[in-house]
Structure formats: structure tokens, C-alpha cells
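What follows is a single structure, written as C-alpha cells, with notes after it.
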């Protein structure tokens, strides 16, 4: 496991009452509530004015000339160097565009929480990044990718988080310039607080490096944050395995299929992310110095490891489905064995009762005064003999 400390979602064990629930009930609650993937764009979408086939670029979006509301977008910027750091946060975009880095700082990191066409277009005009890249920032269904433009680098990744028991994903866009890094997030809340704390610490390597190293640190946090999520999936798969062995209820199969679907989603996120990091450390890309490429290689190793874990869990989920079918089949065989044994006891008795229950006038044994007792002696002897035979064969012992 990578050097980052693992974290677990506190919503996985909400209360003592839930811990006392049967394993099937706890798994049902977890899968139906916390294994739902929520995209930030599912709550609020940027309206697109132009229909498909319109001219490309951010100009096709609506609200491009309409400033956002007071709390609709939050802008943060860090200006720092090895000896100095300055942090500001404001909803006033014009204050940011009009400001310059304080004297003594060498790198500026601008982070925008919330997507709005006006904000993206205003920063595009300020920093002169490509209109197609600005359009991709707003179209939040992008596949993780890396694009090199003249003077800047454009990177798109998807950030996974466990929040309140829900697996959430959102698109994060990066613009890397010579001395500036701009990040766009769909909404407030991320996993980069440790990065911000490192920026405030004197002597931090992060402050002595350029924006390329900051890009590495942010991508490293995105990749490493997948490990506690995958660990959570591993715990659930282990619990499902125990539940399948103990009580293969039909609802368990549905939960297995839900987990398989979520693992497919994770693979779709992590596979292209791995390719993006691979390009960053192998290709001659703008803004990534040689000394930073070694760190990018470390991120690539973590991405490969996370992909291997996802593939392992997918195989485990498929194996759980096969185990469930086998458990159900074995259970059905046990039921059929019990019914067959019970039927075997009554077949000879039913035959004798059927013979002497026929309505013929002359059945010699019917006139014998011990015939009734003889009938019961015969029935008990047959049942006892079959019982001994089945016991010796081991058919009455549950293995």
C-alpha cells in the first residue's frame, strides 16, 4: 500500500444499533445507501444554450455574459515561494483578475469551486487558454485526458470521495502555466486540505518548487485517495462472502451486482487517469521539469496499483456471484436429499398399504387375526432397516 495513511469512511459504522444488526441487513443498508455514486453535476447542470452541432468553444454556452451570484462560485488563490506564502479567498472574480502576485512570491495557485460560464470565460480572457479547453471545463462528462497547448497544459481527471456514506465523483480541470496553476472543481469540498497545510509550512518542498510540482501533489492526492475507497469495497466484499456462505439470500445477489457495477465505474475513472499520469512522466510536456517527472512516476505506480486492486475486486465479485449460485444449488440439493430420504421411508409402506387396501373379496391375509400387527411390524422393520442403511452411507449426516 502506498505511503499515504489509509482512511475509512465514518458512515460505514454509524451507530451501535447498526452494528448489532444481522450481516445481511447491514450489507443491505450499506449497498442501498452508501454505494450510490453521485456526480456533482447530477445536482446542478450548467445550461447549454446551443444544440449539438453548434460552433465549438465556450461561446456556445449560455450565461457567458452573466456574472454568478454571490455564493455561486468561490475563488481561492495562493501566492507562494520558499520564503513567503499569501492566501486569499473571495467571490469577487474581478479582484483576482486585477491582482498580481505579491513581491517575493513565484507561484500562484488559483482554485475555483463551482462552474459558471462567466467565470471560466473571464479567466480564459485573463490567462489566454484555449476556448476548446474552456468548453471542456464546463462539459463535466469528460474522460480523464491530457492536452498540450501553446504555453500551457490542460489536464482533466475525476476525483472520487466518500462523503456521508456516498461515493461521489466530480470532474477536476487543471491549467498549468509557467508560474500559475488553475484548478476548476464542480462544487465546494475536496481532498486537498493536506496540500494547503503543506503550503503554509515553512521549509516545505512544495513551496520551493514550481507549479509543476504542485500539479504532481494534487494528482498524487487524487490517486492516493482511491485507496481508502477501495479498502472500503474490500471490507464489503469480505462481508458479502461470509453472508453468501452463511445464508445465500436472493437479496445478496442483487447487492453483488450493484458492487460489480460500481467497480466498473471505478475502472472507467482509474484506467484513463493512469494513462494521463503515464504521459506526464514519460512525454516531454510543457511545465513538467525533469526532477518532477520522477515524482509523476511514483503517482503512476500508485495508479497502476489501484487499477490492479479494482481488477482483483471485480474478479472477487464475479467469484462471489458464482459462489452464491453454488451455495443456492447446494442448498437445493440438501433439500432434495431430505425429501428423497423421507419419500424412501414411505414408498414400501405405501406399496403394502395399497396392496391390502384393494377391494378384492378373497385376500387370505385379511382373515388372519395377527395381520394388523404383522403390517406394523413389517412397516417398522422396513423403516428401521432403511434408517440404518442411510446412516451407514452417511446420507443422514450434514457435512
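Let me know the Kirkwood hydrodynamic radius for segment 259-381, please, with Cα pairs as the basis and the value in Å to one decimal. Show your work: numbers first, answer last.
Numbers: mean 1/r = 0.0463 Å⁻¹.
After inverting the mean inverse Cα-Cα distance, the result is 21.6 Å.
Spin-label point model (7 Å from Cα, Cβ direction): what's the residue 197 to residue 335 distance in nm?
5.5 nm
When DSSP assigns beta bridges and you keep just the ones with both residues in the chain, what percent turn out antiparallel, to the nearest 5?
Details: 34 of 43 bridges.
Percentage antiparallel, nearest 5: 80.
If contacts are Cα pairs under 8 angstrom and at least 6 residues apart, what is the relative contact order of segment 224-354 in percent?
Values: 67 pairs, mean separation 49.1, N = 131.
Dividing the mean separation by the residue count of segment 224-354 yields 38 percent.
Please pull out the direction-averaged projected area of the chain, using the convex hull of its alpha-carbon atoms, in nm² to one decimal place. If you can, show how the numbers build up before the last one.
Numbers: hull surface 128.9 nm².
The orientation-averaged projected area of the Cα hull of the chain comes to 32.2 nm².
Apply 1/(1 + (r/R0)^6) to the Cβ-Cβ distance of residue 347 and residue 268, taking R0 = 56 Å, and write down the FRET efficiency to the nearest 0.05. Kindly include the intermediate steps, with their values, before the conclusion.
Numbers: r = 58 Å, r/R0 = 1.04.
Result of the calculation: an efficiency of 0.45.
Quickly rank 106-116, 63-73 as a protection proxy: mean count of other C-beta atoms within 10 Å, highest first.
Numbers: 106-116: 21.0, 63-73: 13.2.
Going from most to least packed, we get 106-116, 63-73.
Write down Rg/Rh for segment 332-393, rounded to two decimals, with Rg from the C-alpha atoms and Rh from the Kirkwood relation over Cα pairs.
Working: Rg = 14.9 Å, Rh = 13.4 Å.
Using only Cα positions, Rg/Rh for segment 332-393 is 1.11.
What does the convex hull of the Cα atoms of segment 168-297 come to per residue, in Å³, rounded to a whole number? Don't skip to the end; give the middle numbers.
On the way: hull volume 17.5 nm³, N = 130.
It comes to 134 Å³ per residue, whole-number rounded.
Take residue 291 and residue 275, extend 7 Å from each Cα along the Cα→Cβ direction, and tell me the distance between the two endpoints in nm.
3.3 nm
Sort 188-199, 146-157, 217-228 by packing, meaning the average of other beta carbons within 10 Å per residue, with the highest value first. Don't skip to the end; give the middle numbers.
Working: 188-199: 14.8, 146-157: 18.5, 217-228: 21.5.
Top to bottom by mean Cβ count within 10 Å: 217-228, 146-157, 188-199.
Quick one: among 370, 80, 216, which has the greatest mean-square fluctuation in a GNM of the chain with alpha-carbon springs under 10 angstrom?
370
Could you give the length gained by full extension between residue 204 and residue 149, i.e. 0.36 nm per residue of separation minus their alpha carbon distance, to one decimal place?
Values: separation 55, 0.36 × 55 = 19.80 nm, distance 3.02 nm.
Full extension from residue 204 to residue 149 adds 16.8 nm.
Against the longest principal axis of the chain, how steep is helix 250-282, in degrees 0 to 90 to the nearest 10, with axes from Cα atoms?
Taking Cα atoms only, the helix is inclined about 30 degrees.
Given an 8 Å cut-off on Cα distances and at least 6 residues of separation, report the relative contact order of the chain as a percent.
16 percent
Which of the peptides 92-105, 352-365, 170-183 is most tightly packed, and how do the rest follow, going by the mean number of other Cβ atoms within 10 Å of each residue? Working shown, then result.
Values: 92-105: 13.2, 352-365: 9.3, 170-183: 21.1.
Answer by packing, highest mean first, reads 170-183, 92-105, 352-365.
Can you pull the three principal axis extents for the Cα set of segment 182-222, in Å, largest first?
The Cα atoms of segment 182-222 stretch 31, 18, 16 Å along their principal axes.
Can you tell which of 265, 332, 307 shows the greatest fluctuation in a Gaussian network model of the chain with Cα springs below 10 Å?
The residue that fluctuates most here is 332.
Using a Gaussian network model of the chain whose springs link C-alpha atoms within less than 10 Å, name the residue from 317, 303, 343 with the highest mean-square fluctuation.
343
State, to one decimal in nm², a quarter of the convex hull surface area for the C-alpha atoms of segment 136-221, i.e. the direction-averaged projected area. Show your work: numbers first, answer last.
On the way: hull surface 25.0 nm².
That works out to 6.3 nm².
Quote the FRET efficiency, to the nearest 0.05, computed for residue 314 versus residue 128 with a Förster distance R0 of 56 Å and r equal to the Cβ-Cβ distance. Kindly include the intermediate steps, with their values, before the conclusion.
Working: r = 43 Å, r/R0 = 0.77.
After rounding, the FRET efficiency stands at 0.80.
Relative to the first principal axis of the alpha-carbon coordinates of the chain, what is the inclination of helix 211-224, with its axis defined by its Cα atoms, in degrees from 0 to 90 and to the nearest 10?
10 degrees
Quick check: the angle from helix 290-355's long axis to the longest principal axis of the chain, C-alpha only, nearest 10 degrees?
Relative to the chain, helix 290-355 is tipped by roughly 10 degrees.
Under a crude label model (7 Å from the Cα following the beta-carbon direction), how far is residue 179 from residue 301 in nanometres?
My value for the distance between the label points is 3.4 nm.
Each reported figure results from applying straightforward, stated rules to the coordinates on display, with no laboratory input. Computed from a predicted model, the values in this text were never measured in an experiment. Because the Cβ atoms are built from the backbone with ideal geometry, glycine has one as well, and the counts that use them run over all protein chains shown.
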